[in-house]
Amino acid sequence: DAGEYGVNTGRPRRMGWFDAVATRYGCMLQGATEAALTNLDVLGFLDDIPVCAAYEIEGTQTTRFPVSARLEQAKPVLETLPGWKSDISSIREFDRLPLQAQNYVLYLERLIGVPVRYISVGPRREQLIER
């Protein structure tokens, strides 16, 4: 579970995969010019990291977020990126991240259409990379 726990319940928290379709839509609606990526460190133990890069609706793939009436029919289309299998919690500069972690962030940027300016690599305030 990578050590994630609910603040109020104390129960282990399950982590979902990054949904680039919904995130791109959210960035567009808000007029975002940059994004913050949290919890990058909790992915460090995985061999492979899935990312929702598109949805499939009635046999057709789309990278556009569907209208509410069609959202229930949308099935995530996952792309898999290689993990980095290392602890990154002490890293404070982007170019010091393992290459696979850098590629993960750059891939997400391409999918969401805005640069990732901040990357958290741990739960403490100072565990932050600013680009």
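Any chance you could count how many residues in segment 1-34 are open to solvent by less than 60 Å² (accessible area, probe 1.4 Å), hydrophobic (A, V, I, L, M, F, W, C) and modelled with pLDDT under 95?
So the answer is 1.
Quick test for you: out of E79, E72, E56, pick the one residue that is surrounded by 14 or more Cβ atoms within 10 Å (Cβ to Cβ), more than 30 Å from E126 (Cα to Cα) and out of contact with any Pro (no Cβ under 6 Å at 6 or more places or on another chain).
Going through E79, E72, E56 in turn, the sole match is E79.
Check segment 35-46 and report whether any residue there is charged (D, E, K, R) and open to solvent by 50 Å² or more (accessible area, probe 1.4 Å).
The answer is no, given that none of the residues of segment 35-46 is charged (D, E, K, R) and open to solvent by 50 Å² or more (accessible area, probe 1.4 Å).
Checking the structure you have, find out if any residue of segment 112-131 is touching a Pro at 6+ places or on another chain (Cβ under 9 Å), surrounded by 13 or more Cβ atoms within 10 Å (Cβ to Cβ) and not in a loop (DSSP other than H, G, I, E, B).
Taking every residue of segment 112-131 in turn, none turns out to be touching a Pro at 6+ places or on another chain (Cβ under 9 Å), surrounded by 13 or more Cβ atoms within 10 Å (Cβ to Cβ) and not in a loop (DSSP other than H, G, I, E, B).
Residue check: is R64 touching a Gly at 6+ places or on another chain (Cβ under 9 Å), of a type outside the set (A, V, I, L, M, F, W, C) and either closer than 22 Å to L128 by Cα or outside any strand (DSSP E or B) (or both)?
When the stated conditions are applied, R64 does not pass them.
Output the qualifying pairs, or none if there are none: Cβ atoms under 7 angstrom, residues six or more apart or on different chains, first residue in segment 116-131 and polar (S, T, N, Q), second residue open to solvent by less than 100 Å² (accessible area, probe 1.4 Å) and in a loop (DSSP other than H, G, I, E, B).
S120/T38; S120/N39; S120/Q127; Q127/S89; Q127/V121
Given the conditions (1) among the aliphatic types (A, V, I, L, M); (2) over 23 Å from G26 (Cα atoms); (3) open to solvent by 20 Å² or more (accessible area, probe 1.4 Å), report the number of the one that I88 does not fulfil.
Looking at each condition in turn, I88 falls short on (3).
The values are calculated or read from the model by the stated rules, or taken from the named source; none is laboratory data. If you're wondering where the values come from, they're calculated on a predicted model, not measured in any experiment. Ideal geometry is used to build each Cβ from the backbone, glycine not excepted, and the neighbour counts take in all protein chains shown. For the accessible areas, the whole protein counts, side chains as well, though only heavy atoms, and no ligand, DNA or RNA atoms are used. Shrake-Rupley method; radii C 1.70, N 1.55, O 1.52, S 1.80 Å.
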